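Please read the structure below before turning to the comments.
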Amino acid sequence: MSIQTFDSLEALVHAVDQTEINEWVFANLERVQSNPLNSTYYIIPEEELWELEDAGLTVTNHRDESIPTSLPDHHVQSWLEVATVQDVIEVLRHSGSEPDIERIAQGLRYYHEYDAFME
């Protein structure tokens, strides 16, 4: 698996069901806070990140995390695990009708901020 890039939250949501649950989603959190629907999200497989580190192809972000030098935005950081994104969507589905993308964005923001599910 290689780095996956999603140019919107909707694209990420469509892909998380087919993604390994132990991977992390990276994003520029300033952009996610101001415009979560149109932010860029990355899923970076841990093994690939280790290989890039060994090859000297990473930089350290402001949180002292290694990220690939190939990313166009070096202000990205780990945001949520794929499994957490899946769980947030599932909880929202169980709380009523199928959530729209704005509701999913609210649920993900809430989880990131409070480490709890919004119901």
Quick check on Ser97: is it open to solvent by 20 Å² or more (accessible area, probe 1.4 Å), of a type in the set (Gly, Ala, Ser), over 16 Å from the mean Cα position of the chain (by Cα) and farther than 16 Å from Thr40 by Cβ?
yes
Out of the residues in segment 41-84 meeting the condition of being of a type in the set (Ser, Thr, Tyr) and within 17 Å of Leu9 (Cβ to Cβ), tell me which one is surrounded by the most Cβ atoms within 10 Å (Cβ to Cβ).
Tyr41
All but one of (1) crowded, with 16+ Cβ neighbours inside 10 Å; (2) free of Cβ contacts under 8 Å to residues at least 12 places away in the same chain; (3) of a type in the set (Asp, Glu) hold for Asp87; state the number of the condition that does not hold.
(2)
What's the number of the condition Gln106 fails, among (1) part of a loop (DSSP other than H, G, I, E, B); (2) at negative phi?
(1)
Hey, could you check segment 36-72 for residues that are over 22 Å from Gln18 (Cα atoms) and acidic (Asp, Glu) and say which is farthest from the chain's Cα centre (by Cα)?
Asp54
If you go through segment 33-40 one residue at a time, do you hit one that is in contact with a strand residue (DSSP E or B) (Cβ under 6 Å, 6 or more places away or on another chain), over 21 Å from Asp87 (Cβ atoms) and either open to solvent by 20 Å² or more (accessible area, probe 1.4 Å) or in a loop (DSSP other than H, G, I, E, B) (or both)?
no
Out of all the residues in segment 63-98, which are in a loop (DSSP other than H, G, I, E, B), over 29 Å from Met118 (Cα atoms) and aliphatic (A, V, I, L, M)?
Leu71
Long-range neighbours under 9 Å by Cβ, at least six apart or interchain, first residue in a loop (DSSP other than H, G, I, E, B) within segment 46-62, second among the aliphatic types (A, V, I, L, M) and open to solvent by less than 90 Å² (accessible area, probe 1.4 Å)
Asn61/Ile67; Asn61/Val76
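The values are calculated or read from the model by the stated rules, or taken from the named source; none is laboratory data. Since this is a predicted model, take the numbers as computed values, not measurements. Cβ atoms come from the backbone with ideal geometry, glycine included; neighbour counts cover every protein chain shown. What goes into the accessible areas is simple: the full protein's heavy atoms, side chains included, and nothing from ligands, DNA or RNA. Shrake-Rupley method; radii C 1.70, N 1.55, O 1.52, S 1.80 Å.
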